[in-house]
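What follows is a set of notes on a single structure, which appears directly below.
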Amino acid sequence: MSGWLEYNRGNKFITLRDFTGSCQVFINNEVNLPKIESVITVKGTVHKRPDGNKNPAMETGEIEVVTSNVEVLNECERYHFPLNDYSKAKEDVRMRYRYFDIRSKMMQHNLRLRSSFLMKVRRFLCEEQGFVDVETPTLFRRTPGGAKEFIVPTANKGKFFSLPQSPQQFKQLLMVGGIDRYMQIARCYRDENTKPERQPEFTQLDLELSFTTQGEIKQIIERMLKASWPKHLPDLMMPFPRMSYTNAMLLYGSDKPDTRFDCTIKDITEELSHLSVFDQTTSPVVVKGICIPNGSNVMSSKNVKRIQRAVEAITQLNIATVTVKEDCSWKSPLTKYMGGNDLVYKVNCAFQCKPGDLLFICGHIDWELACKALGRCRILSAKDFSAAGKPLYQPGVFNPLWVEEFPLFELDEGSLVSAHHPFTAPVDEDFDMLQSDPLKVRGQHYDLVLNGSEIGGGSIRIHSADTQKYVLESILKEDSSKMKHLLEALESGCPPHGGIALGLDRLLAIMCGSDTIRDVIAFPKSSDGADLMCEAPCHVTDDELDRYHISITKDSSSH
């Protein structure tokens, strides 16, 4: 039996660990043992432990290995931090010594679960559903729109490759080429600031199908997840529920709603819009509210104010808070505008308020913005409940949801941009509005949401070269010549097609109960996009820069 020396209890009892777990070893003679985390091998006999020495908290707690032969294979000279759950090292230290951190029980579980899940995904798609696994290039060209891309210099002066943010165009080109069912577990790249759920390089599952429908794609994904889902987790209920983008915003204030708990947004315009606190000099105000049951008892007033200020800073909207007192009257700045108890009673009835409940109320001319603000209050409140040990939902619950009927375009600083990406087809009934009123056009776009996180997005694609060119040039104001290869392909007999991409890192993090995707990636980047282990990115020599015709200015090198 070989592994790492996990614990040393007085040179008589040691604990040896390998990838399967830990086991107690009894040494019946004098042995000079190395430091903890050294690699050793032992030979002996497995015995049942005496009744008083059994450890029910340990999987092998009823047995031990009795040995007289211990061989040190490699002594640990650098013990970086404890590899246990109760004295976990800070994340930057774990990133710096990632090869050491991977030995931990959590990382072993996460990486092995990832491997098992991806093997089942491939088997289901390729062996049962007839998909073809095709690798696409990671050296591509700059394309308009979307996330910022990394550029790769070449020895050809002034010319650069780009690392693709997804295989989107390649998988559409494969549809033109007759690969009617494509799949790939693809590496993707975005030159953007990282977040707990985002990395500069990440992995996604890409699918594309010819002659397909939204319904078929959704059914394949549901069946794939059910077939690949880890057995130790609760089953996924099928079919997954569906919700329109508009209803998601109206009820939850988010296009990726967490449906594990209620607390939905309600419209109280009829009850409160006439109050003088809501300015209606320009346009009629819509008033929305959300009730957090028992919120004023579980959440401190300090935390409620923190949530209020955080949401106001992001949305620039005023958020009013209400504490429902024992007699169902209100403690709130709004009471001086209410003019009596009748309005309080009406709003309480609308939310079915009880003593101890907490209300967040917001009024604005834009219902969507008001709902987004309250949706943020909802999520932050749920986090406070969890931190207080009183979560609003049952732990270990997985609530998948399809969100559909998104707008095809949205405004960004006065310009039209794609809500999903520029290759998404409009809903057939809205096609004529592409020219007359593009903001009212719905896209054939669908997102897969799990526990409040978007884990996938897809669409039926534009397969007409004329429509694609019109969207790029006339609506998005992009230079279509950069997409010449795709437009020419669409003119070459392109079948109708659609697909989806799932963010595997995010999905696996949710499966593993982790708050960050870095816990399911073997060698991730830090929160600022750096590799702390090998200190990348790093400087290169002037000779190396000369090969690529690059020079660094003084201003650039000083940052």
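Among the criteria (1) touching a residue at least 40 places away in the same chain (Cβ under 8 Å); (2) buried (at least 18 other Cβ atoms within 10 Å of the Cβ); (3) closer than 20 Å to G452 by Cα, the one H420 does not fulfil is (1).
Looking only at residues of region 229-267 that are under 18 Å from A382 (Cα atoms) and hydroxyl-bearing (S, T, Y), we find that the one that is surrounded by the fewest Cβ atoms within 10 Å (Cβ to Cβ) is T264.
Scan region 400-445 residue by residue and report those that are among the polar types (S, T, N, Q) and out of contact with any strand residue (DSSP E or B) (no Cβ under 7 Å at 6 or more places or on another chain). Working first, answer last.
Step one: of region 400-445, the residues among the polar types (S, T, N, Q) are 415, 418, 424, 435-436, 444.
Within region 400-445, S415, Q435, S436 meet the criteria.
Go through the residues of region 188-199 one by one and say whether even a single one is acidic (D, E) and either crowded, with 18+ Cβ neighbours inside 10 Å or on the phi > 0 side of the Ramachandran plot (or both). It would help to see each step written out before you state the result.
Our first condition is that a residue be acidic (D, E); within region 188-199, this holds for 191-192, 197.
If we keep only those that are either crowded, with 18+ Cβ neighbours inside 10 Å or on the phi > 0 side of the Ramachandran plot (or both) as well, we get 197.
Yes; the residues of region 188-199 include at least one that is acidic (D, E) and either crowded, with 18+ Cβ neighbours inside 10 Å or on the phi > 0 side of the Ramachandran plot (or both).
None of K171, K148 is in contact (Cβ under 8 Å) with a residue 40 or more places away in the chain, in a loop (DSSP other than H, G, I, E, B) and out of contact with any helix residue (DSSP H, G or I) (no Cβ under 7 Å at 6 or more places or on another chain) except K148. Might you check whether a residue that is of a type outside the set (D, E, K, R), out of contact with any Ser or Thr (no Cβ under 6 Å at 6 or more places or on another chain) and at pLDDT 95 or above occurs anywhere in region 271-287? For region 271-287, residues of a type outside the set (D, E, K, R), out of contact with any Ser or Thr (no Cβ under 6 Å at 6 or more places or on another chain) and at pLDDT 95 or above: absent. The conditions of being touching a residue at least 40 places away in the same chain (Cβ under 8 Å) and in contact with a Pro (Cβ under 7 Å, 6 or more places away or on another chain) are not met by D366. For region 209-226, the candidate set comprises residues that are in a helix (DSSP H, G or I) and touching an Asp or Glu at 6+ places or on another chain (Cβ under 8 Å); within that set, the residue that is farthest from L118 (Cα to Cα) is Q214.
If you go through region 24-52 and keep only what is farther than 20 Å from F100 by Cα and under 44 Å from the mean Cα position of the chain (by Cα), you end up with Q24, V25, V42.
Suppose we filter V287, V311, V322 for residues that are of a type in the set (A, V, I, L, M), closer than 23 Å to A382 by Cα and assigned to a helix (DSSP H, G or I); which single one remains?
On the way: V287 fails: assigned to a helix (DSSP H, G or I); V322 fails: assigned to a helix (DSSP H, G or I).
Only one candidate passes the filter, namely V311.
For A89, the test of being assigned to a loop (DSSP other than H, G, I, E, B) and free of Cβ contacts under 8 Å to residues at least 12 places away in the same chain is failed. Restricting attention to region 455-497, the residues being surrounded by 17 or more Cβ atoms within 10 Å (Cβ to Cβ), touching a residue at least 60 places away in the same chain (Cβ under 8 Å) and closer than 30 Å to L236 by Cβ number 5. When you check L487 against the structure, is it within 27 Å of Q184 (Cα to Cα), outside any loop (DSSP other than H, G, I, E, B), in contact with a strand residue (DSSP E or B) (Cβ under 6 Å, 6 or more places away or on another chain) and in the same structural domain as K440 (by TED's automatic domain parsing), yes or no? Considered against the rule, which asks whether it is within 27 Å of Q184 (Cα to Cα), outside any loop (DSSP other than H, G, I, E, B), in contact with a strand residue (DSSP E or B) (Cβ under 6 Å, 6 or more places away or on another chain) and in the same structural domain as K440 (by TED's automatic domain parsing), L487 comes out as no.
The values are calculated or read from the model by the stated rules, or taken from the named source; none is laboratory data. Nothing here was measured: the structure is a model prediction, and the numbers come from that model. Because the Cβ atoms are built from the backbone with ideal geometry, glycine has one as well, and the counts that use them run over all protein chains shown.
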